[in-house]
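This report concerns only the one structure given below.
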Amino acid sequence: METKKIWQALLAITPVVGLVACSSNSRTSDTVAVVTTVASMESTIGDGSVTIDVVVGENSGPDRVEEVALGSQVTLNFTNPEAEDEYHVHGYDIGGGITKKGDTKTFTFTADKAGDYEVESHSSEAVLMVLRVG
Ligand SMILES: [Cu+2]
């Protein structure tokens, strides 16, 4: 098992690791990006608010990394113009429920945990964006 070795290595270098199950009924199939740049990362405590709009298929994807300061009030708006969808913010474990085609689902929360967190569609299993809190 390579996984255990990697896990131990990560524990040694980073205090915050977001290994989170995708949902309550899937234990092992999920991957979560892990921040390993602790030393170089600024961890300013922000008191601002950030709004991020994601349109599935237009500006979504695993390459979309949105950086927010730790402590920010974050509003995420997700819209899928082509199909109904289900959104899930990993790490913060926010989501669930079907959003109708064309409707916007909004999540508002305080980004109080540092790290990289994938936001995923549970309909297509696609990564829609990565929330980078630091
Ligand atoms: Cu998920």
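Under 12 Å from the Cβ of Thr79, count the other residues' Cβ atoms, weight Lys and Arg +1, Asp and Glu -1, and hand me the total. Counting the neighbours of Thr79, the net charge comes to -3.
Within the accessible surface of the range 48-134, defined with a 1.4 Å probe on protein heavy atoms only, the carbon and sulfur portion equals 42 percent.
The values are calculated or read from the model by the stated rules, or taken from the named source; none is laboratory data. Because the structure is a prediction, the values reported are computed rather than measured. Note that we place each Cβ from the backbone using ideal geometry, even for glycine, and neighbour counts take in every protein chain shown. Calculation scope for accessible area: heavy atoms of the full protein, side chains included, ligands and nucleic acids excluded. Shrake-Rupley method; radii C 1.70, N 1.55, O 1.52, S 1.80 Å.
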